[in-house]
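Right, one structure below, let's go through it.
What follows draws every value from the coordinates through simple rules; no lab data is involved. Predicted model only: the values in this text are computed from it and were never measured. Quick reminder, even Gly has a Cβ in these numbers, built from the backbone with ideal geometry, and neighbours come from all protein chains shown.
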């Protein structure tokens, strides 16, 4: 599991910092999960070692623009790239309507590869390796914090072999 900070500059980008976006790379799956997608996230991805074709999940904390204004461009680019991989987007109430409105007025087709999930506190996603939960945060508008838990893997850890390596 690798974390890449694509943007940490809050509401306004600076020369050296982009607005909100964090990528979680899961090399064992060749997947990337994004947390927020502020404007300029695509450029930040291009500057990194991450591949937009590997984006599988996007988690949006809240509907402020510095967390969402990069979504439509990224979705369009992923569609043009023709990766064919489905993308699940998780976010607060209003996210689905926001994306649908932006798609309508930009004449963009949100194809069947895109699944938009409205989040509620609790378990959002679970598979054999990970679970993702969310909780409400204190903010001016409804906002969610996400927690990713990597499940224990079966097997024994060989301490002596690790020391020798």
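Relative to the longest principal axis of the Cα atoms of the chain, the long axis of helix 71-81 makes an angle of roughly 70 degrees. For residue 126 and residue 3, a Förster radius of 25 Å and the Cβ-Cβ distance give a FRET efficiency of 0.75, rounded to the nearest 0.05. Sorted on the mean count of surrounding Cβ atoms within 10 Å across their residues, most packed first, peptides 30-37, 119-126 read 30-37, 119-126. In the set [x] 11.9; [y] 9.9; [z] 12.4, the label that goes with mean projected area of the Cα convex hull in nm² computed for this structure is [x]. Sorting 1-12, 57-68 by their mean Cβ neighbour count within 10 Å, with the most densely packed peptide first, gives 57-68, 1-12. Think of it as helices only: each DSSP H run of n ≥ 4 in the chain is worth -39500 (n - 2.57), and spread over all residues that comes to -6500 deg cm²/dmol at 222 nm. Take every Cα pair under 8 Å whose residues are at least 6 apart in sequence, average their separation, divide by the length of the chain, and the relative contact order is 15 percent. Length gained on full extension, residue 161 to residue 136: 4.7 nm, using 0.36 nm per residue less the C-alpha separation.
The packing ranking of peptides 48-55, 98-105, highest mean first, is 48-55, 98-105, where packing means the average number of other beta carbon atoms within 10 angstrom of each residue.
Largest mean-square fluctuation among 155, 79, 91, in a Gaussian network model of the chain whose springs join Cα atoms under 10 Å apart, belongs to 155. Between helix 95-105 and the chain there is an angle of about 50 degrees, using the helix long axis and the longest principal axis of the Cα atoms.
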